[in-house]
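Here's the structure we're looking at; comments come further down.
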Amino acid sequence: AMQRIAVIDYGMGNLRSVAKALEHVSEGAPEIVVTDDPNTIESCERIVFPGQGAMRDCMRELTERRLCDPVLTLARERPFLGICMGLQVLLEVSEEHPDSAGLGLLEGQVRRFPRDARDPKSGQRLKIPHMGWNNIHITHPHPLWEGIAEGERFYFVHSYFVDPVDREIIAATTEYAVQFTSAIAQHNLFAVQFHPEKSQRAGLRLLHNFLRWQPTAAWH
């Protein structure tokens, strides 16, 4: 049977570019299914969870579509790739809306870049959102980094970043005013702050790696 990849559509994010990038690297083998239907998502072997915007809006859309429980379950059970808001919403709370909770799969919070963000070396003011190409520093090896060099550049667009309690799950960091977590990895879950679908060769390589990844460890 052909493998199916669910791209979770909860009404936020440029899903077409994500689906097109996955189709490009899948070489026609897996079927890419863009859907917000919980049953369809649960029938897929791999899950891609993209998104952009604010965590409160994201949680509202997920709740309305009855997707919170399926996303939490699949993030523990299947090869799962979170992108941008699809990473941030996995944490407990965001400084943007402290009264509204995230999914809480990972302990920690989502923080805003400092309002007076400056380059630590030059002292120059930095624009928020952090937007454009920036380097990642790989903190530990992972199958999704295969063929991706230390210091590789990826494309970012965000004003908030994740701050997980467990530092062991940090798979990459990036510097912009502060050193922030740009990727996390735990068992079958991998999630990135940058947009692989907008990151040209390196981003396509990451998606290629994800489609072929066979996670070995289970969630505890």
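For n ≥ 4 DSSP H runs only, could you compute -39500 (n - 2.57) per run for the chain, divide by its residues and tell me the 222 nm figure to the nearest 500? Spell out each step's value before the answer.
Numbers: 6 runs with 54 residues, N = 220.
Calculated at 222 nm, the ellipticity per residue is -7000 deg cm²/dmol.
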Query - R66/D99 FRET efficiency (R0 22 Å; Cβ-Cβ; nearest 0.05) - result: 0.50
Requested in this report: Report Rg (one decimal) and Dmax (nearest whole number) for the chain, counting Cα atoms only, units Å.
Outcome: 16.4, 56
Query raised in the report: Once both labels are modelled 7 Å past Cα along the beta-carbon direction, what's the R76-Q179 spacing in nm?
Result: 3.2
Report summary line: Between the residues H24, V48, A185, the Cα farthest towards the positive end of the dipole of the chain, that dipole coming from +1 and -1 charges on the beta-carbon of Lys, Arg, Asp and Glu, is from H24
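With a/c under 1.5 counting as rounded, go ahead and sort the range 77-200 into rounded, prolate or oblate using the C-alpha gyration tensor (a ≥ b ≥ c being the square roots of the eigenvalues; past the cut-off, prolate if a/b is larger than b/c, else oblate).
oblate
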Report task. May I ask you to give the percent of accessible area on the chain that is carbon plus sulfur, with a probe radius of 1.4 Å? Result -> 47
Requested in this report: Any chance you could check the Cα centroid distance between the range 90-153 and the range 40-71 for me, in angstrom?
Outcome: 21
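Against the 2.2 N^0.38 Å scaling, with N counting residues, where does the range 32-78 land? I'd like the Cα-based Rg ratio to two decimal places. Walk me through the intermediate numbers first.
Working: Rg = 10.6 Å, N = 47, 2.2 N^0.38 = 9.5 Å.
Dividing the Cα radius of gyration by 2.2 N^0.38 Å gives 1.11.
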Query raised in the report: So between K127 and E23, what do we pick up on full extension, going 0.36 nm a residue minus the alpha carbon distance?
Result: 34.1 nm
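Does the range 1-50 come out rounded, prolate or oblate by the C-alpha gyration tensor, with a ≥ b ≥ c the root eigenvalues, rounded set by a/c under 1.5 and, if not, prolate when a/b is larger than b/c and oblate if not? Kindly include the intermediate steps, with their values, before the conclusion.
Values: a/c = 2.68, a/b = 1.11, b/c = 2.42.
Oblate shape, in that a/c is at least 1.5 and b/c is the bigger or equal ratio.
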Requested in this report: Show which lysines lie in cross-link reach of K198 when reach means a straight Cα distance below 26 angstrom and same-chain residues fewer than eight apart are skipped.
Outcome: K20, K127
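I need the shape label for the range 1-121. Rule: rounded when a/c is under 1.5, else prolate if a/b > b/c, else oblate, with a, b, c from the alpha carbon gyration tensor. Intermediate values should be presented prior to the final figure.
Numbers: a/c = 2.26, a/b = 1.56, b/c = 1.45.
Here the range 1-121 falls in the prolate category.
The values are calculated or read from the model by the stated rules, or taken from the named source; none is laboratory data. Because the structure is a prediction, the values reported are computed rather than measured. Because the Cβ atoms are built from the backbone with ideal geometry, glycine has one as well, and the counts that use them run over all protein chains shown. When the accessible area is computed, the model is the full protein with side chains, heavy atoms only, and any ligands, DNA or RNA have been set aside. Shrake-Rupley method; radii C 1.70, N 1.55, O 1.52, S 1.80 Å.
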